[in-house]
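Colleague: Mind having a look at this structure? Questions to follow.
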Amino acid sequence: MELNKIIHGDCLEYMKTLPDKCIDLILTDPPYGINVGKGFKSRANKRNGTSAAISKDYGDIMWDAKIPSKEVFMEMFRISKNQVIFGGNYFTRYLPPSSGWIVWDKNNGENDYADCELAWSSFSKPLRKIKHTWNGMIQEDMGNKEYRHHPTQKPLDVMKFCLDLYSKENDIIFDPFAGSCTTAIACINLKRNYICVEKEKKYVDIGLQRVDSMTKSLF
């Protein structure tokens, strides 16, 4: 198992190569099975509600047609000690009850997008909330805006919030649905080890570029 790597491949096949409980924390945002890619495509180049700018066209990659299989979730539980899974409300058939949900309040005004997102966690801790504006070109920190490479990309500070809550320095963090690899960037910021797997080569390349840029800025 090599650390601090972004891997192009199928996450299920990769997880099958790992031993039990070798990962300290899985932090991930799997496909929700709601064809969100198609939805973004239909809204591309249009303005939604009070959004300050037209919606971006992310291309034709249809990666969200169905949710991951039960086997994927079983492998995630097998290889890791704990998990934080965004979109947990879409996966309740596979996830046990938990008190440790995380609510991300997007503070996004009146538009066609959800006000909040939910992340399920395996921790028996009180529900936690983070408020972080993420509304097109309007972001929480307008002085350090993040470029959105992926239609469901999470803000860096939201991922860092999760890592601060549920991991410590030098832990091994795994993201089997890495997208544009914000999990890796958060890990670099907070001195965690990471392994990211992404099946779309386009986003693997983007993730590698982001990590390279982050590493150069730090060192």
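Colleague: Does N108 satisfy the condition of being farther than 22 Å from I172 by Cα, among the polar types (S, T, N, Q) and crowded, with 16+ Cβ neighbours inside 10 Å? Spell out how you get there, then give the answer.
Modeller: Working: farther than 22 Å from I172 by Cα: yes; among the polar types (S, T, N, Q): yes; crowded, with 16+ Cβ neighbours inside 10 Å: yes.
Yes.
Colleague: So which residues in the stretch 185-219 are within 20 Å of L163 (Cβ to Cβ) and in a loop (DSSP other than H, G, I, E, B), if there are any at all?
Modeller: K191, R192
Colleague: Let me ask something else about it. Anything in the stretch 182-214 that is closer than 21 Å to E169 by Cα, out of contact with any strand residue (DSSP E or B) (no Cβ under 6 Å at 6 or more places or on another chain), buried (at least 24 other Cβ atoms within 10 Å of the Cβ) and not polar (S, T, N, Q)? List them, or say none.
Modeller: A186
Colleague: Across the stretch 127-137, what is the total count of residues that are in a loop (DSSP other than H, G, I, E, B) and either more than 14 Å from Y166 (Cα to Cα) or at pLDDT below 95 (or both)?
Modeller: Residues of the stretch 127-137 in a loop (DSSP other than H, G, I, E, B): 127, 132-133, 136-137.
Within this subset, residues satisfying the condition of being either more than 14 Å from Y166 (Cα to Cα) or at pLDDT below 95 (or both) are 132-133, 136-137.
Adding up the residues that qualify gives 4.
A quick yes/no check of all residues on (1) crowded, with 18+ Cβ neighbours inside 10 Å; (2) among the charged types (D, E, K, R); (3) free of Cβ contacts under 8 Å to residues at least 60 places away in the same chain; (4) assigned to a strand (DSSP E or B):
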| position | (1), (2), (3), (4) |
| --- | --- |
| E71 | no, yes, yes, no |
| I85 | yes, no, yes, yes |
| N89 | no, no, yes, no |
| L95 | no, no, yes, no |
| G100 | yes, no, yes, no |
| W104 | yes, no, yes, yes |
| A114 | no, no, yes, no |
| S124 | no, no, yes, no |
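Colleague: Sticking with this structure for a sec: For the stretch 27-44, does any single residue satisfy the condition of being surrounded by 13 or more Cβ atoms within 10 Å (Cβ to Cβ), at pLDDT 95 or above and assigned to a strand (DSSP E or B)?
Modeller: So far as the stretch 27-44 goes, yes, one or more of its residues are surrounded by 13 or more Cβ atoms within 10 Å (Cβ to Cβ), at pLDDT 95 or above and assigned to a strand (DSSP E or B).
Colleague: Look at the stretch 162-173 and say how many of its residues are in a helix (DSSP H, G or I) and surrounded by 19 or more Cβ atoms within 10 Å (Cβ to Cβ).
Modeller: Residues of the stretch 162-173 that are in a helix (DSSP H, G or I), as a first pass: 162-166.
After this cut, where a residue has to be surrounded by 19 or more Cβ atoms within 10 Å (Cβ to Cβ) as well, the list is 162-163, 166.
Summing the residues that are in a helix (DSSP H, G or I) and surrounded by 19 or more Cβ atoms within 10 Å (Cβ to Cβ) in the stretch 162-173 gives 3.
The values are calculated or read from the model by the stated rules, or taken from the named source; none is laboratory data. What you see is a predicted model, and the numbers here were worked out from it, not measured in a lab. Note that we place each Cβ from the backbone using ideal geometry, even for glycine, and neighbour counts take in every protein chain shown.
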